[in-house]
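I have placed the structure first, in the form of structure tokens, so that the comments after it can refer back to it.
The values are calculated or read from the model by the stated rules, or taken from the named source; none is laboratory data. What you see is a predicted model, and the numbers here were worked out from it, not measured in a lab. Here the Cβ positions follow ideal geometry from the backbone for every residue, glycine too, while neighbour counts run over all protein chains shown. Areas reflect the complete protein model, heavy atoms only, side chains present, ligands, DNA and RNA absent. Shrake-Rupley method; radii C 1.70, N 1.55, O 1.52, S 1.80 Å.
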Amino acid sequence: MNDQVPPTTMSETEPVIVVGAGLSGLATALGVALRGHRAVVLEAADLVGGAAAYSGGQVWSGANHVEARQGIADTLELTERYVRDIARSAPEVLDEAAMLRWIAASPVAMKYWEEIGAIRWQVIPGLADYHNEAEGALPEGRYLTNQVIDGSVLGEWRQRLRYSPYFPVGTTYDDMLNKGRRASYVDESGEQNAPTKHAHAGLPAFGLADGTGPAERDAGGDDPLTFGTGVVASFLARVLQEDRIEIRLQHRVTELLRRDGGPVMGVRAETPEGAVDLHGPVVLATSTYDWDPELVEEMLGLPPEDFGSVAPETLRGDAIRLARAIGAAVAKIPATSVPILPGWKSQVGTGYGYGPEYAMPHSMIVDSAGNRYCNDSYWVDIVAKTLAPGDRHLPFFLIWDDQHRQKYGLAATPPGGEYPEGWVVSAATLEELGEKLGIDGAQLAETARRFSENAARGVDPDFGRGTVTYVNKFAGDPTNEPSPVLGPIVQAPFHGIRLKFVGTGIGSSGVRIDGDGRVLDESGGVVPGLYAVGSAAGMTTTGTGYNSGFALGRGITLAYLVAQQLAGEPVDELVTQAAR
């Protein structure tokens, strides 16, 4: 870190300009306002919430106060061992100082956000760290999410909040993990739940009745918000209580204002009424580059035919382009470690989709030679092996049998439903299916035979499918025996689809920052007046190590640190106390 450069502090007249109204941007603005200063949040879209609102709402934090009050043992030392172990493959992209800062500051930040009424946390029950084989991994405790909040507390802003089509908003993790993620989208009649249908309208909800913190509500709330939508709603409800915060929608920042290498002094934004300039220190919170094909090619090496995104279309790499234009640096994380997921073109329109279906029984992933090559229930291994330098396995395909169709369906097709014409390729035999997909049919049949023989026994000696506790719990079928992610592929007709990698708004590569969120230039020096939080900032904090919840957890930790710096508060003292 560059401790010799003093942090930029807020003036009495100029607001902090926060670029992006996702979770990290809203949290930054809230932290600034609670320290007596104004914040203006500029959002390019006409809705707030960004990619976080579409997410599962998992916020990862080691040694947090919520697991402590539940009696779950964890320490900063265990957390550090875990992060180091999963990031060891490429130490050159890991910022040691930033990692230690985040680990120490995260539990302090999580407690702060709850104490000031931004959220009421709960531990996601029974959800293990991704890498259960790693040193310091825990079987549960580090994943936080919100307790249910009712959308009515947002007033007119409820209609301006993004609502996730990818998770069963309204139900809870307790219910989803017991029932199975895919099954949570289907009601008792077998019909697919629409994204806006609330599965548990009678669950207790909580709102923010005043500035003092969360208040319990009656159990009759009819708009329960959970997952990423609920986490963002919780922070948004608290933001709306602060007169010092102004949110301006449809304001896309196109330029950072800086003169002769001095401090960043503000931004220029395009609005429906024309261009406007605003002055003050700037915090970039625009998330990542999913919808910019040039940046996707640069960061991931993937052409349009192999990549799509389920994130909002306003994630266009704005932070990277804005920062580069004034000489700031960009941190690149190897594509093999970026949390992108196997997905597909939507059944209608031009969008993309993803879900747990690729990890469910009676399915497998193969390359064009008809071979499996990875633990195809676990995105970490899928990405690493599919994009391995010098040994890429593109294109890649999802293959499944009719048991899978009858039990789980796919995307908007419910269990037992018929796939839209032309969307899925089907055939009476695996050999014929391979021919239709451009795969070696004979090898595909042989691969399925070996896979099915082992799957019937609940094992995968070739690639370890079924050995990752997180995947089994989060993506599998808890009713399937002997494994929640393994089942034979034997029942005709057989089905297949060419997969794409889909981004979820976590690009890993991004604006280079230090451990305090200060943007750095190409020489490693601080760019005065400019900060970055959330997925706008490169993930040098964890390097090539990733665990679900790192992005949101680091995002609101950086928001906490940046707000303190802008207020001139002694961040180091607080974090040092936590480390002790």
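Remarks
- Kyte-Doolittle mean at least -1.0 and Cα axial length at least 27 Å: DSSP H helices in the chain: 96-115
- Within segment 31-49, backbone nitrogen closer than 15 Å to the virtual label 7 Å beyond the Cα of GLN250 toward Cβ: 43-48
- Portion, in percent, of the accessible area of the chain that falls on carbon or sulfur, probe 1.4 Å: 49 percent
- Near VAL264, the amide H atoms lying under 5 Å from its own belong to GLY529, LEU530; only residues 5 or more places off or on other chains count, and H is placed 1.01 Å from N.
- For segment 473-580, size of Cβ-based charge dipole, Lys and Arg +1, Asp and Glu -1, in debye: 420 debye
- In order along segment 350-355, the phi-based Karplus estimate (6.51 cos²θ - 1.76 cosθ + 1.60, θ = phi - 60°) of 3J(HN,Hα) comes to 10, x, 9, x, 7, x Hz; Gly and Pro are listed as x.
- Extension gain, ASN371 to VAL459: 0.36 nm times the residue separation minus the Cα-Cα distance gives 29.9 nm.
- Phi angles of segment 408-421 translate, via the Karplus equation with coefficients 6.51, -1.76, 1.60 and θ = phi - 60°, into HN-Hα couplings of 10, x, 7, 6, 7, 7, x, x, x, x, 9, 6, x, 4 Hz per residue; Gly and Pro are given as x.
- Heavy atoms of SER535 accessible to a 1.4 Å probe, total area in Å² rounded to 10: 20 Å²
- Where segment 12-91 is the region considered: accessible area per residue in Å², 1.4 Å probe: 32 Å²
- 3J(HN,Hα) along segment 116-128, derived from phi through the Karplus expression 6.51 cos²θ - 1.76 cosθ + 1.60 where θ = phi - 60°, amounts to 8, x, 6, 6, 10, 7, 9, 6, 6, x, x, 9, 7 Hz, with x in place of Gly and Pro.
- Accessible area (Å², per residue) of segment 336-493, counting only protein heavy atoms and a probe of 1.4 Å: 37 Å²
- Note on SER152: accessible area is roughly 70 Å² with a 1.4 Å probe, heavy atoms of protein only.
- Diffusion coefficient, µm² s⁻¹, Stokes-Einstein with Kirkwood Rh over alpha-carbon pairs of segment 454-511 at 25 °C and 0.890 mPa s: 175 µm²/s
- Note that segment 367-448 carries a Kirkwood radius of 13.8 Å, evaluated over its alpha carbons pair by pair.
- Computing Cα Rg over 2.2 N^0.38 Å for the structure here picks out one of [x] 1.00; [y] 1.06; [z] 0.94, namely [z].
- Cα gyration tensor shape of segment 385-493, rounded if a/c is under 1.5, else prolate or oblate by comparing a/b with b/c: rounded
- Relative pair counts by distance (%), Cα atoms of segment 48-164, 5 Å bins: 2, 11, 17, 20, 18, 14, 9, 5, 2, 0
- Chain lengthening between ARG449 and ASN132 when straightened (0.36 nm per residue, less Cα-Cα): 111.2 nm
- The distance between label points at GLU242 and GLU313 comes to 3.2 nm (points 7 Å beyond Cα on the Cα→Cβ vector).
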